[in-house]
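Here's the structure we're looking at; comments come further down.
The values are calculated or read from the model by the stated rules, or taken from the named source; none is laboratory data. Keep in mind that what you see is a predicted model, and the values were worked out from it rather than measured. With ideal geometry, Cβ positions are generated from the backbone for all residues, glycine too; neighbour counts draw on all protein chains shown. Surface areas here come from the heavy atoms of the whole protein model, side chains and all, with no ligands, DNA or RNA. Shrake-Rupley method; radii C 1.70, N 1.55, O 1.52, S 1.80 Å.
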Amino acid sequence: MGRARGLGIAAVVVGLVGLPAGLGGVLYGRYAFGGSVVSGESMAPTFGRGDRVVFERIDGSEVRRGDVVVFSAPDRYGLDALVIERVVGVGGDRVACCTGEARDGRVTLNGEPLREPYLKGTEAGGGFPAYDVRVPEGRLFLLGDHRANARDSRAFLDDRGGTLPTSAIRGRVIDDYTVPVVLGVAMMAGVVLVLVAAGLGIAAMVVRRKARAVVPPPPPWAVRV
């Protein structure tokens, strides 16, 4: 019976390690990260149609200039699907377009030309009318990387300069997958450990039954009447 007891203890220990690892990874992953599929070309060439992006769930107040974010704005787009765009201006910034002529035009941020190596093509204005927006506190000015094919803040200039409330932000797109990978490994390790614990528990039951089966019955003279 000693072997059965040892297997049972091992099953409990392994299970107590594996269950929190697996459940913790799942719960934290669902809370901290999300995923979405790009449905259009407004962020090309950074992200194309059909690309899958992973985003960390953050509060809108944590957003920085240059971040690619996902947000929900059903009042603007007519559906509750996530939209992906780049943050160009935050509360207090002044965003204007465009300095220069035609394809040499540049977006300016607080009076300084904005360097945008992520643009598709070289035209920062994308054929839209000129604008000059002071971003209110608690709001964001967003643009797509493919300016000629993006329905971004420029399309809603009559609504507070096209800015979006930070409360609409659902997450920031990440390009470093270290944390999600670690969480995935933790979840897989947890599942494996739980399965091992179940196997040890079954083995303990089998050993215990075999031990009972080989115990000889008591002799007749030992039986009291």
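The rows are residues; the columns are (1) under 22 Å from Y118 (Cα atoms); (2) at pLDDT 90 or above.
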site: R5; (1), (2): no, no
site: A32; (1), (2): no, no
site: V38; (1), (2): yes, yes
site: G50; (1), (2): yes, yes
site: I58; (1), (2): no, yes
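Any idea which residue in the stretch 138-172 is nearest to G48 (Cα to Cα), counting only those that are outside any loop (DSSP other than H, G, I, E, B) and among the polar types (S, T, N, Q)?
Ranking the candidates gives N149 first.
Can you report the number of residues in the stretch 81-94 which are under 18 Å from G34 (Cβ atoms) and surrounded by fewer than 15 Cβ atoms within 10 Å (Cβ to Cβ)?
Of the residues in the stretch 81-94, 1 are under 18 Å from G34 (Cβ atoms) and surrounded by fewer than 15 Cβ atoms within 10 Å (Cβ to Cβ).
Return the residue satisfying two criteria in turn: it lies in the stretch 34-58 and is outside any loop (DSSP other than H, G, I, E, B) and open to solvent by 20 Å² or more (accessible area, probe 1.4 Å), and of such residues it is nearest to S72 (Cα to Cα).
Only one residue tops the list, namely S36.
What pairs come up if the first residue lies in the stretch 132-143 and is of a type in the set (K, R), the second is open to solvent by 50 Å² or more (accessible area, probe 1.4 Å), and their beta carbons are under 8 Å apart, counting only those six or more places apart or on different chains?
Filtered contacts from the stretch 132-143: R134/R94; R139/R160.
For the stretch 111-121, which positions are open to solvent by 80 Å² or more (accessible area, probe 1.4 Å) and either touching a residue at least 40 places away in the same chain (Cβ under 8 Å) or of a type outside the set (D, E, K, R) (or both)?
Hits for the stretch 111-121 are P117, K120.
Would you please name the residue that is most open to solvent (accessible area, probe 1.4 Å), looking only at residues in the stretch 138-166 that are at pLDDT 95 or above and of a type in the set (S, T, N, Q)?
Among those that are at pLDDT 95 or above and of a type in the set (S, T, N, Q), it is T166.
Within the stretch 59-80, is there a residue that is open to solvent by 20 Å² or more (accessible area, probe 1.4 Å), under 18 Å from the mean Cα position of the chain (by Cα), touching a residue at least 40 places away in the same chain (Cβ under 8 Å) and farther than 24 Å from R134 by Cβ?
No, because not a single residue in the stretch 59-80 is open to solvent by 20 Å² or more (accessible area, probe 1.4 Å), under 18 Å from the mean Cα position of the chain (by Cα), touching a residue at least 40 places away in the same chain (Cβ under 8 Å) and farther than 24 Å from R134 by Cβ.
Restricting to the stretch 125-137, name every residue that is at pLDDT below 95 and either on the phi > 0 side of the Ramachandran plot or assigned to a loop (DSSP other than H, G, I, E, B) (or both).
Answer for the stretch 125-137, where residues must be at pLDDT below 95 and either on the phi > 0 side of the Ramachandran plot or assigned to a loop (DSSP other than H, G, I, E, B) (or both): G125, G126, G127, F128, P129, A130.
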